[in-house]
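Worksheet: one structure, shown below.
The values are calculated or read from the model by the stated rules, or taken from the named source; none is laboratory data. Please read these numbers as outputs of a predicted model, since none were measured by experiment. Note that we place each Cβ from the backbone using ideal geometry, even for glycine, and neighbour counts take in every protein chain shown. Surface accessibility is based on the protein's heavy atoms, side chains included, excluding ligands, DNA and RNA. Shrake-Rupley method; radii C 1.70, N 1.55, O 1.52, S 1.80 Å.
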Amino acid sequence: MSARIIIKSGGRASWAIRAAAAAAVVALLLWIPTRGSDSLIDTCTTAAMLMAAAMSLNLLLGYTGQISLGHSAFFGIGVYTTAIAVTRWGWSPFVTLPVAFAVAFVVGLLVSLPALRIKGVYLALVTLALGLVFPAFIKWPKIEWLTNGSRGLDQTGFKFSKDNPTYELFGWNPWGNLRGQNVKPFYFWVGVLMVVFVYLVCRGVVKSRVGRSLVAIRDNSTAAAVMGVNLAVTKGIVFGLSAAMCALPGSLSAIRTGTVTPDSALLTVAGSITFLVIMVVGGSGSLWGPVMGAIVYQFIIERTGDWSDPDKIPGAVRPLFSWSDVAPGGGIFAMALILLMFFAPFGIVGLWHKLVAKVVTVVPKPAGTTSLVREETAPAES
Amino acid sequence: MTLLDVQNVTVNFGGIVALNGLSFSIEEGHICGLIGPNGAGKTTMFNVVSRIYQPTSGSVLYRGTELLSVPAHGIARLGIARTFQNLALFPTMSLLENVMVGAHSQGRIGFGRAISRIGAAADNRRTRDFAGDLLTQLGLGALAFRPAAGLPFGTLKRLEIARALASRPNLLLMDEPAAGLPHGEVDELGLTIQGIRDQFQLTVLLVEHHMSMVMSISDRVVAMEFGRKIADGTPAEVQADEAVIESYLGSPT
Amino acid sequence: MALFLQRLVDGLAEGSIYALLALGLVIIYRGTGHLNFAQGEMALFSTYTVYQFGEWGVPIGIAVLLGMCVGFVLGAATEVVLVRPISKKSPFAVFIVTIGMFQLLNWLDGAIWGGQQLPSTAMGSKQVKFPSLFPSNPDDYFTVFGAAITWRSFCILALVLVIGAVLYLLFNYTKLGLAMRAVASNSESAKLVGIRTSTVLMFSWGIAAAIGALGGVVFAGLTTNVNQSLMFQVFIYASAAATLGGFDSPGGAVVGGLSIGVIQNLAAGYADEWVGQEMKVGVAFLVILAVLLLRPSGLFGTSKVERV
Amino acid sequence: MTLLRTQGLTAGYGPLTVLEGIDIEVNEGEIVVMLGANGAGKTTTMRAISGVMPRQGIIEYEGRAIQKASPDAIVRGGIAQVPQGRGTFPELSVADNMRAGAYVRRDSAASVQADLEKWFEVFPRLAERHAQRAGSLSGGEQQMLAIARALMSRPKLLLCDEPSMGLAPLITQELFHVIERLNRDEGLSVLLVEQNANLAMHMASRVYLLETGRIVASGSAAELGADDTIRKAYLGF
């Protein structure tokens, strides 16, 4: 207990730690595409997409307390906006990203209109229905001319020319082996950029007057309204923004895989639940929660992906999982979800904060001006 | 000068009349006590003024403007703040952040500027200092970074006052600020209320059951029963009023 | 006219299944105010156990009863072990736990009875043959006013009416039913008259899951197979039914379920071009949305005044 | 003989302590009245005795400690509460409300039915409305129903939490006559919480005065009525 470390927020030590952490993240980001294996790059790219989706859900659910099980639909809007624009109208894939953003924003705003009157589990129900309707809607015969129904769309990806230039920094190639058709590092960088964008948007919102009003709505919406928070407008914009940001990874997945079908996992309710799992496991209501959650999620899913074959299961845990010929990932996360609610409702990030608080005491910057103190003591002097 | 003028307000909840043609007015700078037995409609009155309930009929004028045409979130900007009977704090936030939300109506940073960070940091700093000063003033400075959940009731009651003050109100509605306070702290709270009234030049509408406190700090007292006003006047007048005594002590039959 | 009658009865039969699950949702909601997102998956798990009992040679009727018992235990255990302790924390935690149960049960179905795992999700789609509970040969029908009514539809409808009657008797003429209604009406007063609310809630969850199990079995019999995504849409229809009927009214759940079934079948029948098989679920979505916007307490629910 | 005794009873909601050590006694055959302004802790005392909220200290009933007993064990032991604000089951019929009151009884349905008839005779207006939903009754009728429901468990001690709340004076008087009669004819002991001081003190064997979570005065009605304590506690002067 006595061996506590005290760090002043905004002090030199705190900046040093921040700088070191940032350097470590940058180093890791550079290492993955240049030195990592192809499969690692792929894993990280997928994780980045899940991160962005979970972050967008986090802004809505973690911060504002509005439950959504329909984010797979917004992801799907991204997927299909890009796919349709590329295949039907011949747009360049990356131009569709802002369009998908805008389309999802509008749809999100429309969905939020009932959400203003509907609260809690009812909202969960409406959004769950939305998540179920979306794939059905895509397969609807009336719009098959546009979406090609359950057959999906092909050739939605980005076409690389063989003679893409390579850039080198001091003899080191940050693009990795971006030559010919090996475009994995390229998508990795696009994914990272997207996560950075979504992160900055979320951070900007959260660490502002608006962000405080979001948490206020979550904690006590009546009191928030009395403090002057316009519930309807704030909830509506957050819903739209969250939907819009969730469409970005959708777009990217259409560009990356080159084919889309309405039945792929992330476009169904399973996708919504995946985003939710990532958010809760990482830590709802924290900026880094979805980042941690997505990394852990994707890592465990890939590690346990071939555990359907009992011989592939590492010896120590074999008795636990060898009885089934289904990969245990889904079960592991379902258990994690339930157990976390009991023991660590704020996920990995919450656990981390708890642990750190045992060793390190962070002293926040003092709030307030001194002028008032002087005012208070003034009468005594005169 | 009349600050708030409540005229003939009636509130119906599915057949139950919570307020029945209630009228009263508050002078600027006064502390006005609102008293009455349980279920008399005092909190309902608060919810009408803070636009949580829509009355069936009547009108509420604030500085001559009709409040009933202002949305709930517009009240704070007009200079009306309130505290809640059973605490309506933001439990996951720190005390400082609670007060910062209280200053919401003072800010101008919307989604656009929040995301683009134009002026957002400066706004944060300003609001943070303002909130910190308020907390210090109410004797909560040392707890500024503690989360609101889990602190003693009396502390949270004071926090509600600080949060309400953060919107720089002209009219402060206090719903049973002394409820649940231990014996000794009630009179102290009375002094606090008078103090902030003088310092912030407030008008206070106070619902309270601690009669000694209401009677000692109020300039004027309105007594209610069954959604109606039964007496209105100085504390001494109201204390002597037969209807008030009967409503509190019962008829001596 | 004949066609209309036929569609009506088929719709009622399908609606009966929604009504069964909706009844479960309502029973739980009345007691605790929670929406059990795992209701459909609990039913599916029980349905798989019925299938398993059938594989072991247990006669189908007994297998169904055993499956309902499994459902009861599953529901009651979920309430005691998970929901009761977590509901002290927050409604959000309960929501997450029911979502966790949803995923856990779905994964478990696949893990035990086999499924094909799609990448990064637990939702497989391997199908298992399931016996129909009722006569379902093409010539098992009778004719009323020229409409061919299948015995299957008729039996399902009859079964639901019987279950409804049994529940009505349980609610209104037994001590447990009285206690359940008392807890739903005013849980503090229920404690004050000496009702152990915790026991009542355990029974509520158990009964809800047992009824749901029956719904799952009947639906599996209708489609003659079980697969992991069998109950997703049924759950949404059931929710729509409960919303339409009012979330706190068991009678409303039955009426709601039957209405949704009929609306859906008529819509699919008469506006096939527009609705088709795909957009049937869209009908449920629109019903939920419309009810929540226009009459949030449903057709038979009680609206509550929110107090601050 | 002492029926109920509390010693150092404390209770509260989360961080809020409402009762700061309450010592009260109810003897067999007494009507004990607890007076106090709003927020003094009267309802909390009742809920703590009935066991529907966490509490510390000693509660003795017929010489046995019951501070750890569950609410249903307490009802079975013979303490029934009439909750504040007509805590009836609004969706249930009047008769079902009363049957719910007999929930803890183990005797035959016939004897429950006999009790039902008996109380319907005492409360004829409830008999008229036995099939109506409790929520549709008037305030006074609901209060009658809450008392009748509590009586269905055949209690020795009735806890009445502010039965006059929101009722017109005439109906309040009628209600109090019923309580007095039950005490006289049935030997029922009553712990009554009231705001309406003058009326309640007429029938009280003894009176406790509660202020911000503690007993500030106690004694016979005459003793307390003679000094200004009550007046002061209620009106502040």
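In Å², rounded to the nearest 100, what is the total accessible surface buried by chains C and D against each other with a 1.4 Å probe?
Working: alone 15110 and 10930 Å², together 24220 Å².
By this definition, chains C and D bury close to 1800 Å².
Enumerate the helices in chain C for which the Kyte-Doolittle hydropathy averages -0.5 or more and the C-alpha atoms extend at least 20 Å along the helix's axis, using complete DSSP H runs. Present the calculation step by step, with values, prior to reporting the outcome.
Numbers: long enough: C:2-32 (44 Å, 1.20); C:39-55 (24 Å, -0.14); C:60-77 (25 Å, 2.44); C:91-113 (33 Å, 1.38); C:151-173 (32 Å, 1.89); C:197-223 (39 Å, 1.59); C:230-245 (24 Å, 1.52); C:250-270 (30 Å, 1.02); C:280-294 (21 Å, 2.83).
Length and hydropathy pass: C:2-32, C:39-55, C:60-77, C:91-113, C:151-173, C:197-223, C:230-245, C:250-270, C:280-294.
Please go through the residue pairs A:Lys139/C:Lys88; C:Lys88/D:Lys42; A:Lys139/C:Lys89; B:Lys157/C:Lys89; B:Lys157/C:Lys88; A:Lys142/A:Lys184 and name each one whose alpha carbons sit more than 32 Å apart in this structure.
Numbers: A:Lys139/C:Lys88 43 Å; C:Lys88/D:Lys42 25 Å; A:Lys139/C:Lys89 41 Å; B:Lys157/C:Lys89 23 Å; B:Lys157/C:Lys88 24 Å; A:Lys142/A:Lys184 37 Å.
Violating the 32 Å limit, Cα to Cα: A:Lys139/C:Lys88; A:Lys139/C:Lys89; A:Lys142/A:Lys184.
In whole angstrom, note down how far apart the Cα centers of segment A:189-216 and segment C:175-227 are.
43
In the Gaussian network model of chain B, springs joining C-alpha atoms below 10 Å, which of B:Ser23, B:Ser69, B:Ser59 carries the largest mean-square fluctuation?
Taking springs between Cα atoms under 10 Å, the residue moving most is B:Ser69.
Given a 10 angstrom Cα cut-off, can you work out which residue in D:Thr212, D:Thr88, D:Thr17 is the most mobile in a GNM of chain D?
D:Thr17
Taking a threshold of 27 Å on the Cα-Cα distance, which of the pairs A:Lys235/A:Lys365; A:Lys119/A:Lys365; C:Lys175/D:Lys156 fall above it?
On the way: A:Lys235/A:Lys365 31 Å; A:Lys119/A:Lys365 37 Å; C:Lys175/D:Lys156 24 Å.
In this structure, A:Lys235/A:Lys365; A:Lys119/A:Lys365 exceed 27 Å between Cα atoms.
What base-10 log of the normalised intensity I(q)/I(0) is obtained for chain C from the Debye formula, alpha carbons as equal point scatterers, at q = 0.07, 0.08, 0.09, 0.10 Å⁻¹?
-0.26, -0.35, -0.44, -0.55
Towards the positive end of the charge dipole of chain C, with charges on Cβ (+1 Lys, Arg; -1 Asp, Glu), say which of C:Leu292, C:Met101, C:Ile28 has the farthest Cα.
It is C:Ile28.
Would you mind pulling out the separation of the Cα centroids of segment C:1-38 and segment C:68-87, in Å?
One Cα centre to the other: 22 Å.
Roll a 1.4 Å probe over the protein heavy atoms and report the accessible area of D:His202 in Å², nearest 10.
It works out to around 120 Å².
For chain A, treating each Cα as an identical point scatterer without solvent, what Debye log10 I(q)/I(0) comes out at q = 0.09, 0.13, 0.14 1/Å?
At q = 0.09, 0.13, 0.14 Å⁻¹ the computed log10 ratios are -0.61, -1.19, -1.33.
Using +1 on the beta carbon of Lys and Arg, -1 on that of Asp and Glu, and nothing else charged, what's the dipole of segment B:89-168 about the Cα centre, debye to 20? Could you put the intermediate results ahead of the total?
On the way: 11 positive and 5 negative charges, 32 e Å.
Here the size comes out at about 160 debye.
By per-residue mean of other Cβ atoms within 10 Å, what is the highest-first order of B:141-148, A:103-110, D:141-148? Let's see the in-between values first.
On the way: B:141-148: 16.9, A:103-110: 20.8, D:141-148: 24.6.
Order by mean packing, descending: D:141-148, A:103-110, B:141-148.
Tell me the per residue accessible area of segment B:89-168 using a 1.4 Å probe; a whole number in Å² is fine. Please report the intermediate quantities before stating the final value.
Values: 2940 Å² over 80 residues.
Accessible area per residue, segment B:89-168: 37 Å².
Let's see if you can work this out: charge +1 on each Lys and Arg Cβ, -1 on each Asp and Glu Cβ, no other charges. What is the dipole magnitude of the protein assembly as shown about its Cα centre, in debye to the nearest 20?
Working: 89 positive and 80 negative charges, 631 e Å.
Dipole magnitude for the protein assembly as shown comes out near 3020 debye.
Applying a 10 Å radius around every beta-carbon, put B:114-123, B:166-175 in order of their mean neighbour count, most first.
Numbers: B:114-123: 15.5, B:166-175: 23.1.
Top to bottom by mean Cβ count within 10 Å: B:166-175, B:114-123.
Quick one: pull the percent of accessible area on the protein assembly as shown belonging to carbon and sulfur, 1.4 Å probe, ligands and nucleic acids left out.
Working: 28350 of 46570 Å².
Whole-percent figure for carbon plus sulfur exposure: 61.
Loop sites only, by DSSP: take the chymotrypsin sites (Phe, Trp or Tyr not before Pro) in chain C that have at most 13 other C-beta atoms within 10 Å and name the longest stretch containing none of them.
Numbers: sites that count: C:Trp56, C:Phe145, C:Trp274.
With chymotrypsin sites (Phe, Trp or Tyr not before Pro) excluded where exposed in loops, chain C gives C:146-273 as its longest stretch.
With a 1.4 Å probe on protein heavy atoms only, work out how much accessible surface D and B bury together, total over both chains, in Å² to the nearest 100. Walk me through the numbers on the way to the answer.
Details: alone 10930 and 12090 Å², together 20800 Å².
In total, chains D and B hide about 2200 Å² from solvent.
Per residue in segment B:93-131, which ones lose no less than 20 Å² of accessible surface when going from chain alone to all protein chains (1.4 Å probe)?
Buried by 20 Å² or more upon assembly, which counts only protein chains, are B:Met93, B:Met100, B:Val101, B:His104, B:Ile109, B:Phe111, B:Ala114, B:Ile115, B:Arg117, B:Asn124, B:Arg128, B:Asp129.
Along the charge dipole of chain B, Cβ charges K/R +1 and D/E -1, which of B:Leu19, B:Ile118, B:Val221 sits furthest on the positive end?
B:Ile118
When you look at the Cβ of every residue in C:245-251, what mean number of other chain Cβ atoms sits within 10 Å?
Details: counts 0, 0, 3, 1, 1, 0, 0.
Average neighbour count from other chains, rounded to a whole number: 1.
Roll a 1.4 Å probe over the protein chains and send me the accessible area per residue for segment A:5-366 in Å².
Numbers: 14910 Å² over 362 residues.
Averaged over the residues of segment A:5-366, the accessible area is 41 Å².
For the protein assembly as shown, what does the helix formula give at 222 nm: sum of -39500 (n - 2.57) over DSSP H segments with n ≥ 4, over the residue count, nearest 500 deg cm²/dmol? Before the final figure, lay out each step's value.
Values: 48 runs with 648 residues, N = 1180.
That calculation yields -17500 deg cm²/dmol at 222 nm.
Rank C:Ala76, C:Gly57, C:Phe154 by how far each Cα sits towards the positive end of the charge dipole of segment C:16-229 (+1 on Lys, Arg Cβ; -1 on Asp, Glu Cβ) and give me just the farthest.
Going by the Cα projections, it comes out as C:Ala76.
What helices does chain D have that are whole DSSP H segments, at least 15 Å long along their own axis by Cα, and with mean Kyte-Doolittle hydropathy of -1.0 or more?
Numbers: long enough: D:109-122 (20 Å, 0.06); D:139-151 (18 Å, 0.28); D:169-186 (25 Å, -0.45).
Those that clear 15 Å and a mean of -1.0 are D:109-122, D:139-151, D:169-186.
Between chains A and C, what is the buried accessible area in Å², counting both sides, with a 1.4 Å probe and ligands, DNA and RNA left out, to the nearest 100? Numbers along the way, then the final one.
Numbers: alone 20680 and 15110 Å², together 31220 Å².
Between A and C, the summed buried area is about 4600 Å².
Top mean-square fluctuation among C:Gly251, C:Gly114, C:Gly261, Gaussian network model of chain C, C-alpha springs under 10 Å?
C:Gly114
Shielding by partners for A:114-127, please: the mean number of other protein chain Cβ atoms within 10 Å of each residue's Cβ. Walk me through the numbers before you get to the answer.
Working: counts 5, 1, 0, 3, 5, 3, 5, 13, 8, 1, 6, 14, 7, 0.
Whole-number average of other-chain Cβ neighbours for A:114-127 is 5.
Please report how far the C-alpha centroid of segment D:1-68 lies from that of segment B:198-252, rounded to the nearest whole angstrom.
Rounded to whole Å, the Cα centres lie 30 Å apart.
Compute the accessible area per residue over segment D:87-183, keeping the other protein chains in place, probe 1.4 Å, unit Å².
On the way: 3710 Å² over 97 residues.
Here the per-residue accessible area is 38 Å².
Cross-link partners among lysines for A:Lys312, C-alpha distance below 24 Å, same-chain residues fewer than 8 apart left out?
Excluding near neighbours in sequence, the set is C:Lys126.
Could you work out the mean count of beta carbons from other protein chains within 10 Å of each residue's beta carbon in B:72-78?
On the way: counts 8, 12, 3, 4, 5, 1, 1.
Across the residues of B:72-78, the mean count of other-chain Cβ atoms within 10 Å is 5.
So for segment B:89-168, what percent of the C-alpha to C-alpha distances run longer than 19 Å?
Working: 1061 of 3160 pairs.
When every Cα pair of segment B:89-168 is considered, 34 percent fall beyond 19 Å.
Considering Cα pairs under 8 angstrom that are at least six residues apart, work out the relative contact order of chain C and quote it in whole percent.
Details: 504 pairs, mean separation 107.7, N = 308.
35 percent.
What is the pair-distance distribution P(r) of the protein assembly as shown, computed from all Cα-Cα distances in 10 Å bins starting at 0, with each bin given as a whole percent?
Here the calculated profile for the protein assembly as shown is 2, 9, 16, 20, 20, 16, 11, 5, 2, 0, 0.
Where in segment C:272-301 does accessible area fall by at least 30 Å² between the isolated chain and the complete protein assembly, at a 1.4 Å probe radius?
C:Glu273, C:Trp274, C:Glu278, C:Met279, C:Val281, C:Phe285, C:Ile288, C:Leu289, C:Leu292, C:Leu293
Would you mind finding the longest exposed-site-free stretch of chain D, with exposed trypsin sites (Lys or Arg not before Pro) meaning DSSP loop and at most 15 other Cβ atoms within 10 Å? Don't skip to the end; give the middle numbers.
On the way: sites that count: D:Lys68, D:Arg106.
Here the longest run is D:107-237.
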